[in-house]
Amino acid sequence: MIEAKRLKGFTLIEVLVAMVILSVGFLAVFKASIQSAYTVNAVQQRQIAHWVGLQAVNAIIAGTIKVQNTEHKIFKTTNMLGQDWRWSAELADTKVSSIKRVTVEVEEGGVLVGYLIQPIGQDE
């Protein structure tokens with residue numbers, strides 16, 4: 001009788017189990033990569049919206065964008081980095097009559113506040 005030599009190596013079941021374990025690991029890495037990409041994009045959008053808000057607050061303080069008085073809210077669109085950003089701004093009185101609060105709200109970006117200081121004796 002001829003004895004069959006036992007070949008060294010992995011059985012089909014062992015290979016399939018190893019492939020399942022590797023695929024689960026690769027899926028977890030892929031999911032983490034996708035989540036990271038979404039997070040980076042969200043942070044980038046918030047940062048750009050913040051820049052738009054800062055630009056608007058500074059333009060109002062510098063006087064290049066006029067907000068008539070504390071009763072009116074203005075609505076504008078700014079193009080930054082290839083995207084159009086809608087924002088609104090309004091003035092509000094403070095306890096000091098020569099200081100107005102400038103509030104700019106950027107769509108999907110939050111609210112920024114600045115202060116417009118008018119020299120004493122200057123008309124609005």
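The values are calculated or read from the model by the stated rules, or taken from the named source; none is laboratory data. Because the structure is a prediction, the values reported are computed rather than measured. All Cβ positions, even for glycine, are placed from backbone atoms using ideal geometry, and neighbour counts span all protein chains on display.
The table that follows gives values for the structure above.
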{"quantity": "Selection from segment 91-115 of residues that are assigned to a strand (DSSP E or B) and under 13 Å from LEU54 (Cα atoms)", "calculated": "VAL102, THR103, VAL104, GLU105, VAL106, GLY110, VAL111, LEU112, VAL113, GLY114, TYR115"}
{"quantity": "Meets criteria (under 18 Å from VAL111 (Cα atoms), touching a residue at least 24 places away in the same chain (Cβ under 8 Å), basic (Lys, Arg) and surrounded by 11 or more Cβ atoms within 10 Å (Cβ to Cβ)) for LYS100", "calculated": "yes"}
{"quantity": "From GLN45, GLN35, GLN55, residue being assigned to a helix (DSSP H, G or I), under 30 Å from GLY109 (Cα atoms), in contact (Cβ under 8 Å) with a residue 40 or more places away in the chain and among the polar types (S, T, N, Q)", "calculated": "GLN45"}
{"quantity": "Any hit, segment 62-79, residues being in a helix (DSSP H, G or I) and either aliphatic (A, V, I, L, M) or at pLDDT below 90 (or both)", "calculated": "yes"}
{"quantity": "Filter result for the condition that a residue is of a type outside the set (A, V, I, L, M) and in contact (Cβ under 8 Å) with a residue 12 or more places away in the chain, over LYS73, LYS8", "calculated": "LYS73"}
{"quantity": "Residue ID - modelled with the highest pLDDT, chosen from residues in segment 107-124 that are closer than 21 Å to ASP84 by Cα and not β-branched (Val, Ile, Thr)", "calculated": "GLU107"}
